[in-house]
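See structure below.
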Amino acid sequence: SQTIHQWPATLVQPVGSPLSLECTVEGTSNPNLYWYRQAAGRGLQLLFYSVGIGQISSEVPQNLSASRPQDRQFILSSKKLLLSDSGFYLCAWIPQGNGGGYTFGSGTRLTVV
Amino acid sequence: RKEVEQDPGPFNVPEGATVAFNCTYSNSASQSFFWYRQDCRKEPKLLMSVYSSGNEDGRFTAQLNRASQYISLLIRDSKLSDSATYLCVVRGGFKTIFGAGTRLFVKA
């Protein structure tokens, strides 16, 4: 069966520090991968999506970047965090060409202080 | 106008009540529709897809009206465990839009 892993679960980082969040999917190949952010009490905002290794599409210009170094690995990074980067970061996947719903990882709650 | 709009609630209902959530979307070319459930401080989880003919899963019934660009979710015989935020989700191509969610509190 397919599973999605996301870590860490919680993170407290100072302003100006770097960030690296990792997401891996098991039990499938060539998935579409997504990074979302949810601010407190708000809806989900799509940050990046990827349809294959090295292919990244950015939805929102911001302080973040994403990479997909391997088929089932998706990384969200920042060189210097801002207070406004605080939020709940969610990785999601869906099989290529599948019209069904996403499956989300358990999320990383990031607080920038 | 937001691409996907939901009444934020909260809806406070007693156990056993029937509650309905509505959602409207702006892109008439949208192709797929879903309801997700999100518990406090947890990830969203797929509750059900929504089909034009309407579909039911136990106590949950979803309806889609493409002409009015409107989706609904009906929960019958509410349980305490139904308390959560319900997200309306609309997809067209690669673009998937999540509504901000409707909060439901079911009380004993």
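The values are calculated or read from the model by the stated rules, or taken from the named source; none is laboratory data. Since we're looking at a predicted model, the values are computed, not measured. Ideal geometry is used to build each Cβ from the backbone, glycine not excepted, and the neighbour counts take in all protein chains shown.
Worth a mention:
- Sole residue being part of a strand (DSSP E or B), within 14 Å of chain B (Cβ to nearest Cβ) and either surrounded by 12 or more Cβ atoms within 10 Å (Cβ to Cβ) or touching a residue at least 40 places away in the same chain (Cβ under 8 Å) (or both), chosen from A:R37, A:R42: A:R37
- Subset of segment B:1-39 (residues that are in a loop (DSSP other than H, G, I, E, B) and more than 24 Å from A:G100 (Cα to Cα)): B:R1, B:D7, B:P8, B:G9, B:P10, B:E15, B:G16, B:A17, B:T18
- Residue in segment B:78-101 that is nearest to B:V19 (Cα to Cα), counting only those that are away from every other protein chain (no Cβ under 11 Å) and of a type in the set (S, T, N, Q): B:S78
- Scanning segment A:20-34 for residues that are more than 11 Å from chain B (Cβ to nearest Cβ) and in contact (Cβ under 8 Å) with a residue 60 or more places away in the chain turns up A:L21, A:C23, A:V25, A:T28, A:N30, A:P31, A:L33.
- Pairs with Cβ under 7 Å, 6+ apart, first in segment B:27-54 and within 11 Å of another protein chain (Cβ to nearest Cβ) and closer than 25 Å to A:Q6 by Cα, second modelled with pLDDT of 90 or more and assigned to a loop (DSSP other than H, G, I, E, B): B:F34/B:V50; B:W35/B:V50; B:Q38/B:G101; B:E43/A:G105; B:E43/A:S106; B:E43/A:G107
- Count of residues meeting criterion [small (G, A, S), farther than 13 Å from A:N32 by Cα and surrounded by 13 or more Cβ atoms within 10 Å (Cβ to Cβ)] in segment A:72-98: 4
- Residues of segment A:56-89 satisfying the condition of being more than 14 Å from every other protein chain (Cβ to nearest Cβ), touching a strand residue (DSSP E or B) at 6+ places or on another chain (Cβ under 7 Å) and touching a residue at least 60 places away in the same chain (Cβ under 8 Å): A:S78, A:L81, A:L82, A:L83, A:D85
- Answer residue from segment A:99-113, given it is surrounded by fewer than 21 Cβ atoms within 10 Å (Cβ to Cβ) and without any contact (Cβ under 8 Å) to a residue 24 or more places away in the chain and is farthest from the other protein chains (Cβ to nearest Cβ) among those: A:G100
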